[in-house]
Amino acid sequence: MISPLIGPGDGHSWPSEIDVRHLRLLDAIASAGSLATAATALGLSQPALSAQLHRVERALERTVFERDRHGIRPTALGVVLLKHAKRVLAAADELESAIRRFHRTPPASPLRIGAFPTVFTETLSGVVAATAPGRPVELDTMTGRTALFTALLDGTVELALYVDHPGQEIVPPEGVHLLPVGTEPVFVLVSPDHPVAERGEVSLAELVGSAWWTVAGVDEGFRVHLTDQCARAGLGAITVREVEPTALWQTVRNDPRAVAPVPSLDSGTTMPGPVVALRGVPLRTRYLLLWRDGSPVDVAAVRSGLTQAISEPGAIRHRLPGWAAANPGWLGT
């Protein structure tokens, strides 16, 4: 139904009774030049068409067409009305075509992706969406390698962003492909009272005697990587205790020997103690894209989008900007 519009200066309004059907009728009469011809084109009898025209003119309180022995022609109001009616009818036809196309084309199925929970997880969703316009993106959190490979091979997910570590590299099964995105240094969060708290960078060996803690749920590959590197550094067989994030933060504040590995990149989390870099970067996390044969995802575009998003100022912050500036070439710097 067309909304009422106030007429120019005469107090008359466009009646809400006039709709697109009436505009089509008026346009058909004007195009035909006679009621008889228009009635035939519309599949109506001439009396039925005349009755509808009279109803429209009564609603308008004006005549739209003048009749003479040569047929009919629009009045001054009719000229204005028909000019705008053509635009309205064109828009209505376009809308009708769009609705038909919508019903012919099934809605796009969701593009499901997986990700190990990291600072890049939400970034991944936006990047994949940008490479697949028109398809909604659904993200599943994945923490186990076996579940990851199963989801990729059975088509549950089309792409996954995952991590591994030196000595614990992922070897994908047949049918799954792997593309490294980059490597991130791992630093350590220490108690404010720890002996190295005032140091910007230390060797792993200088953390001898520390109490090692991690957030519960960290991937097993990193735990093995951590214990291997500590053994290589002469710390012996360390014990790594897992706690929930809140408990870890309290432990770091209260235990002067507490040390916890933390990623070098952060989205804004406040640390309960100083973050210290490890000389030589013995602890590392590698980011990987994995996909199966036949995946519809443009993996190269996703990798490019990820690296670009990571480098955008303010998108992801480095915990130690000075260290990052002095050590270029790492992911996120």
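The values are calculated or read from the model by the stated rules, or taken from the named source; none is laboratory data. Computed from a predicted model, the values in this text were never measured in an experiment. Please note: Cβ atoms are built from the backbone with ideal geometry, for glycine as well, and neighbour counts cover all protein chains shown. These area figures cover heavy atoms from the full protein model, side chains too; ligands, DNA and RNA do not enter into them. Shrake-Rupley method; radii C 1.70, N 1.55, O 1.52, S 1.80 Å.
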Among residues of the stretch 210-219, those that are β-branched (V, I, T) and surrounded by 17 or more Cβ atoms within 10 Å (Cβ to Cβ), counted: 1
Exactly one of (1) at negative phi; (2) modelled with pLDDT under 95 is unmet by F187. Its number? (2)
Suppose we filter the stretch 160-208 for residues that are over 18 Å from N327 (Cα atoms), of a type in the set (D, E) and within 38 Å of the chain's Cα centre (by Cα); how many remain? 3
Of all residues in the stretch 270-295, which are basic (K, R) and in contact with a helix residue (DSSP H, G or I) (Cβ under 6 Å, 6 or more places away or on another chain)? R292
Where a residue in the stretch 13-26 is modelled with pLDDT under 80 and in a loop (DSSP other than H, G, I, E, B) and its partner, wherever it lies, is open to solvent by 50 Å² or more (accessible area, probe 1.4 Å) and among the hydrophobic types (A, V, I, L, M, F, W, C), with Cβ under 9 Å and at least six apart: W14/L5; W14/I6; S16/M1; E17/M1; I18/M1
Among the residues of the stretch 98-116, are any assigned to a loop (DSSP other than H, G, I, E, B), in contact (Cβ under 8 Å) with a residue 40 or more places away in the chain and surrounded by 15 or more Cβ atoms within 10 Å (Cβ to Cβ)? yes
For a quick check of your reading: which strands (runs of 3 or more DSSP E) sit entirely within the stretch 220-285 and have at least 2 residues that are open to solvent by 60 Å² or more (accessible area, probe 1.4 Å) and touching a residue at least 40 places away in the same chain (Cβ under 8 Å)? none
Among the residues of the stretch 244-292, which ones are modelled with pLDDT under 90 and among the β-branched types (V, I, T)? T246, T269, T270
Only listed residue being of a type in the set (A, V, I, L, M), more than 18 Å from A32 (Cα to Cα) and at pLDDT 85 or above, chosen from L89, L81, L95: L95
Mind checking whether some residue in the stretch 27-46 is in a strand (DSSP E or B) and either modelled with pLDDT under 90 or surrounded by 15 or more Cβ atoms within 10 Å (Cβ to Cβ) (or both)? no
Filter result (touching an Asp or Glu at 6+ places or on another chain (Cβ under 7 Å), surrounded by 15 or more Cβ atoms within 10 Å (Cβ to Cβ) and not in a strand (DSSP E or B)) within the stretch 64-96: V64, T75, L82, A85, L89
So, in the stretch 275-297, how many residues would count as being among the basic types (K, R) and more than 24 Å from the chain's Cα centre (by Cα)? 2
